[in-house]
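Trainee: A single structure is presented below for examination.
The values are calculated or read from the model by the stated rules, or taken from the named source; none is laboratory data. Model, not experiment: these values are computed from the prediction. Because the Cβ atoms are built from the backbone with ideal geometry, glycine has one as well, and the counts that use them run over all protein chains shown. Note: areas computed on protein heavy atoms with side chains; ligands, DNA, RNA excluded. Shrake-Rupley method; radii C 1.70, N 1.55, O 1.52, S 1.80 Å.
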Amino acid sequence: MKIDKGSFINDFIDKNLRQYSIPVYQRNYEWSSEQCEKLFEDILQAHKLDRYHFTGSVVYSLLKTENKIDYYVIIDGQQRLTTIYILIKALIDVAETEGEKDELASVLFNVDKFKKYNIDDSSKLKLKPIKSDNKQLMLLMSNEVNKMDKSSGIYKNYDLFCRLAKDALEKDESLTIEKIYDGIEHLTCATIKLEDEEKGKEQEIFERINSTGVPLNLADKIRNFVLMTDVDQDRLYENYWLVIEQMLGNEHLSNFFLDYLNFKIDGFTREKEAYDNFKLLFKNNNYTNEAMLSELLHYATLYHIFLNGDESLSKDINNALDGLRKLKQSTVYLFLFNVFDDYKNGVIGNQELSDVLHLLLNYSIRRLICEIGSNSLRGLYKTLYSRVFNRNENKNHYYDAIISFLSQLTSKDAIPSDEMFSLALQERNLYRKHALCKYLLIAIENQGKEKIDTTSLSIEHIMPQNKNLSKVWQTMLGESWEHIHDKYLHTLGNLTLTGYNSELGDKPFDVKKDLLENPETPTHITVLYSDVLNKGEWNEKTIKERASRLTKVILKLFPIKEATEIIDFSDPRYKEYKATDPRNATYKYVNYYELLGEKVTIDSFAAMVRSVSAKLYDYDSSIIKNMAKINETFGGWTIPAFSYDIEKVKGDHELKKGTGIYISTGYSAYDCICFIRALLKKYDLDLEEDFVYSART
């Protein structure tokens, strides 16, 4: 590797008979307006002070030489190089004289004065970005700005530079295009040219570079990995990566990769460790680049369905997916990857898929309404498929197996009963769960009739939100008006939909009724208004009656369909225990535990202590790190639970490889549960709900 001090103009852009291509594994051009504005300011200052300005590094390698034109590949630095190229084009278009325009244009294009090198349209430009950006750059350089995609980074920053240059020239009469270009000539960089023996090591080199550009996100890193290390980059990019990128859009790529990894690997990964886990997955399973890209495309296709639905699927299936999206229940995707694989492979049909999706939607609604914590959902959905279909014959009764399993859970992940659900619907604050509240109200209104347009509707309180209720409202509610207002304000019985929320406000009940019944713009809302418009007053009794009626409607709309054939998942030899009473562990064999919904098979209490500790460390490492740092002991214990000093703990087990933290081991079953109980308390977890273990005598 040869490292020199260089100039963006003199060593790259201004040299003739060169072309710099951006390989397909690089991300799209995406410098922000803030970065461009800062660069422009630096350029003006560099000219004014006649001082060189360092702007990072450019790592490049010679790809080939044809017709005396050198073709280079840019491994790092494409964002800055592309930005400067766009800026020069903006200066050309802002310049007033043909002389200035011609001088600047000669910098951007390869020149063949005597027609010796067969320069064509593909080799005329000195910069060739990846395909999507190259199209925009070609349009820009051929002065077809009107045909450009106005949302592309190349167009946006070209337009920005044009405005910045015009403003700068207007504000400073002494400033010229030539002087701005002089500032660009003062931009320096570290030029890093790869030698022949380093060919093929681009991925390793790329990861070592401390770039000053936009930080790479997870999707960027994975793209670099799966495309940079393969000789067939262009085909793989076209056939796989570009399809994935266009299908999901940049805003969903990183979330997709996180969900894909958490679906594929043991345990969970967070974004900061996800790239390393991806490389381990690739290596440990002997993927080829194409095999990995093919699998990613498959699951990206499913993910696209989760995010957008699919016209080839039934209306019921799409409605259920839409509900899960609107309620932001994306954790269910870890389970749906397997379910949709079974659907694609013909294991289940449309009706079974619809039943499963509606079960998951209705289960989610019940959890949300009953305010059951969501911290166990990831673990539940990650292991649900393997737990339900641990016997392949269970797939013969697909829906029945899933509902049977969920119904037999004894943890907080058990399905809330109709009674629990009904009570919560009528008494809990529904308004603060805004997306869920609107979803349920729309569902109530839309049942069995032409669907209303909900885009302009908002949630309205019939009894006003204002704590300082008018005398009219106080009189209507009675002597206990303050108590009634506090208790029922945000509950189901007092909420409806309207297209003119701000107009209703604190108005008296009679005025509100009139506005609901005779709106200026018809909303076609009838079901939600039916037991409001026929009431002479609005008080505790009418709110409770309406809540009861709407609850019955919701129970019919979102039922939990019972199993036709109940499948027993219990093992008669084993019983589940909480960590509340450590005496239950004495003289027992343990076979699994559940922590925050995730089930882990285990063969000893000592192994369970280590496994639970490692999982909680992944959940929040700061707590255990702090305990280890101060050699903290649990109440009544003399030996630290964790320590960075192996001499301080009992045993020599490292909590997780590479952490440098050691965990005390070698306790009785009773002490192991005491250890786990104390650790759960440190993490503020619920001993009754968040942890359970299975054991037998």
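Trainee: Given (1) modelled with pLDDT under 80; (2) among the aliphatic types (A, V, I, L, M); (3) open to solvent by 30 Å² or more (accessible area, probe 1.4 Å), identify the lone condition not met by residue 247.
Mentor: (1)
Trainee: Looking at 681, 648, 656, which one is in contact (Cβ under 8 Å) with a residue 40 or more places away in the chain and among the charged types (D, E, K, R)?
Mentor: Result: 656 is the single residue among 681, 648, 656 that is in contact (Cβ under 8 Å) with a residue 40 or more places away in the chain and among the charged types (D, E, K, R).
Trainee: A further question on this structure: So if I check each of 17, 49, which one is of a type in the set (A, V, I, L, M, F, W, C), more than 23 Å from residue 153 (Cα to Cα) and without any contact (Cβ under 8 Å) to a residue 24 or more places away in the chain?
Mentor: Within the list 17, 49, the selection yields 49.
Trainee: Restricting to region 319-368, give me the number of residues that are in contact (Cβ under 8 Å) with a residue 24 or more places away in the chain, out of contact with any Asp or Glu (no Cβ under 6 Å at 6 or more places or on another chain) and among the polar types (S, T, N, Q).
Mentor: So the answer is 7.
Trainee: Name the pairs: first residue in region 257-277 and within 21 Å of residue 301 (Cβ to Cβ) and open to solvent by less than 40 Å² (accessible area, probe 1.4 Å), second residue of a type in the set (Ser, Thr, Tyr) and modelled with pLDDT of 90 or more, Cβ to Cβ under 6 Å, at least 6 apart or on different chains?
Mentor: Sorted first by the residue in region 257-277, then by its partner, the pairs are 259/333; 260/299; 261/269.
Trainee: Which count do you get for residues in region 70-108 that are farther than 23 Å from residue 26 by Cα and either at pLDDT below 85 or of a type in the set (S, T, N, Q) (or both)?
Mentor: Counting residues in region 70-108 that are farther than 23 Å from residue 26 by Cα and either at pLDDT below 85 or of a type in the set (S, T, N, Q) (or both) gives 2.
Trainee: Then there's this: Take region 522-546 and flag every residue that is more than 23 Å from residue 484 (Cβ to Cβ) and free of Cβ contacts under 8 Å to residues at least 40 places away in the same chain.
Mentor: 522 - this is the single residue of region 522-546 that is more than 23 Å from residue 484 (Cβ to Cβ) and free of Cβ contacts under 8 Å to residues at least 40 places away in the same chain.
Trainee: Name the residues in region 467-501 that are exposed (fewer than 13 other Cβ atoms within 10 Å of the Cβ) and under 28 Å from residue 435 (Cβ atoms), would you?
Mentor: 467, 486
Trainee: Still on this structure: Where residues in region 27-58 are over 24 Å from residue 254 (Cβ atoms) and aromatic (Phe, Trp, Tyr), which of them is modelled with the lowest pLDDT?
Mentor: Per the criteria, the residue is 54.
Trainee: While we're looking at this one, here's another question. Could you tell me which of the residues 59, 107 is farther than 24 Å from residue 135 by Cβ and touching an Asp or Glu at 6+ places or on another chain (Cβ under 8 Å)?
Mentor: None of the others qualify; the one that does is 59.
Trainee: Same structure again: Just to be sure, is residue 187 more than 30 Å from residue 236 (Cβ to Cβ), in contact (Cβ under 8 Å) with a residue 40 or more places away in the chain, hydrophobic (A, V, I, L, M, F, W, C) and touching a strand residue (DSSP E or B) at 6+ places or on another chain (Cβ under 7 Å)?
Mentor: Here the answer is yes, as residue 187 does meet what is asked.
Trainee: Could you grab me the full set of residues in region 649-684 that are in a loop (DSSP other than H, G, I, E, B), of a type in the set (A, V, I, L, M, F, W, C) and either under 14 Å from residue 617 (Cβ atoms) or open to solvent by 50 Å² or more (accessible area, probe 1.4 Å) (or both)?
Mentor: Answer for region 649-684, where residues must be in a loop (DSSP other than H, G, I, E, B), of a type in the set (A, V, I, L, M, F, W, C) and either under 14 Å from residue 617 (Cβ atoms) or open to solvent by 50 Å² or more (accessible area, probe 1.4 Å) (or both): 655, 661.
Trainee: So which of 306, 282, 335, 340 ends up being over 30 Å from residue 407 (Cβ atoms) and not basic (Lys, Arg)?
Mentor: Among 306, 282, 335, 340, only 282 is over 30 Å from residue 407 (Cβ atoms) and not basic (Lys, Arg).
Trainee: Another question, then. Name the residue that is farthest from residue 357 (Cα to Cα), counting only residues in region 306-318 that are surrounded by 17 or more Cβ atoms within 10 Å (Cβ to Cβ) and not β-branched (Val, Ile, Thr).
Mentor: 307
Trainee: When the residues of region 157-178 are narrowed to those that are assigned to a loop (DSSP other than H, G, I, E, B) and charged (D, E, K, R), which ends up nearest to the chain's Cα centre (by Cα)?
Mentor: 172
Trainee: Turning to a different aspect of this structure: Given the conditions (1) outside any strand (DSSP E or B); (2) buried (at least 17 other Cβ atoms within 10 Å of the Cβ), which single one is not true for residue 55?
Mentor: Failing condition for residue 55: (1).
Trainee: Now a separate question. Hey, does region 605-621 have a residue that's out of contact with any strand residue (DSSP E or B) (no Cβ under 9 Å at 6 or more places or on another chain), within 14 Å of residue 679 (Cβ to Cβ), part of a helix (DSSP H, G or I) and without any contact (Cβ under 8 Å) to a residue 40 or more places away in the chain?
Mentor: yes
Trainee: Has region 372-381 got any residue that is surrounded by 20 or more Cβ atoms within 10 Å (Cβ to Cβ), over 19 Å from residue 561 (Cβ atoms), among the charged types (D, E, K, R) and touching a strand residue (DSSP E or B) at 6+ places or on another chain (Cβ under 8 Å)?
Mentor: Taking every residue of region 372-381 in turn, none turns out to be surrounded by 20 or more Cβ atoms within 10 Å (Cβ to Cβ), over 19 Å from residue 561 (Cβ atoms), among the charged types (D, E, K, R) and touching a strand residue (DSSP E or B) at 6+ places or on another chain (Cβ under 8 Å).
Trainee: Here is a follow-up. What is the one condition in (1) more than 19 Å from residue 427 (Cβ to Cβ); (2) surrounded by fewer than 19 Cβ atoms within 10 Å (Cβ to Cβ); (3) among the β-branched types (Val, Ile, Thr) that residue 553 does not satisfy?
Mentor: With (1) more than 19 Å from residue 427 (Cβ to Cβ); (2) surrounded by fewer than 19 Cβ atoms within 10 Å (Cβ to Cβ); (3) among the β-branched types (Val, Ile, Thr) applied to residue 553, the lone miss is (1).
Trainee: Please verify whether region 220-238 includes one or more residues that are over 30 Å from residue 601 (Cβ atoms) and touching a Lys or Arg at 6+ places or on another chain (Cβ under 6 Å).
Mentor: yes
Trainee: Report, by residue number, each residue of region 134-156 that is open to solvent by 50 Å² or more (accessible area, probe 1.4 Å) and assigned to a helix (DSSP H, G or I).
Mentor: 135, 138, 146, 147, 156
Trainee: Pick from 446, 429, 394: which is out of contact with any helix residue (DSSP H, G or I) (no Cβ under 9 Å at 6 or more places or on another chain) and either open to solvent by less than 20 Å² (accessible area, probe 1.4 Å) or farther than 21 Å from residue 544 by Cα (or both)?
Mentor: 446
Trainee: Now a separate question. Can you find a residue in region 77-87 that is outside any helix (DSSP H, G or I), in contact (Cβ under 8 Å) with a residue 24 or more places away in the chain and surrounded by 18 or more Cβ atoms within 10 Å (Cβ to Cβ)?
Mentor: Yes, region 77-87 contains at least one residue that is outside any helix (DSSP H, G or I), in contact (Cβ under 8 Å) with a residue 24 or more places away in the chain and surrounded by 18 or more Cβ atoms within 10 Å (Cβ to Cβ).
Trainee: Take the residues in region 288-305 that are of a type outside the set (Asp, Glu) and open to solvent by 40 Å² or more (accessible area, probe 1.4 Å); name whichever of them is farthest from residue 325 (Cα to Cα).
Mentor: 288
Trainee: Next question. Within region 564-605, how many residues are of a type in the set (Lys, Arg), touching a helix residue (DSSP H, G or I) at 6+ places or on another chain (Cβ under 6 Å) and surrounded by fewer than 18 Cβ atoms within 10 Å (Cβ to Cβ)?
Mentor: Residues flagged as of a type in the set (Lys, Arg), touching a helix residue (DSSP H, G or I) at 6+ places or on another chain (Cβ under 6 Å) and surrounded by fewer than 18 Cβ atoms within 10 Å (Cβ to Cβ) within region 564-605 amount to 0.
Trainee: Scan region 474-497 for residues that are of a type in the set (A, V, I, L, M, F, W, C) and either assigned to a loop (DSSP other than H, G, I, E, B) or farther than 17 Å from residue 544 by Cα (or both) and report the count.
Mentor: Residues flagged as of a type in the set (A, V, I, L, M, F, W, C) and either assigned to a loop (DSSP other than H, G, I, E, B) or farther than 17 Å from residue 544 by Cα (or both) within region 474-497 amount to 2.
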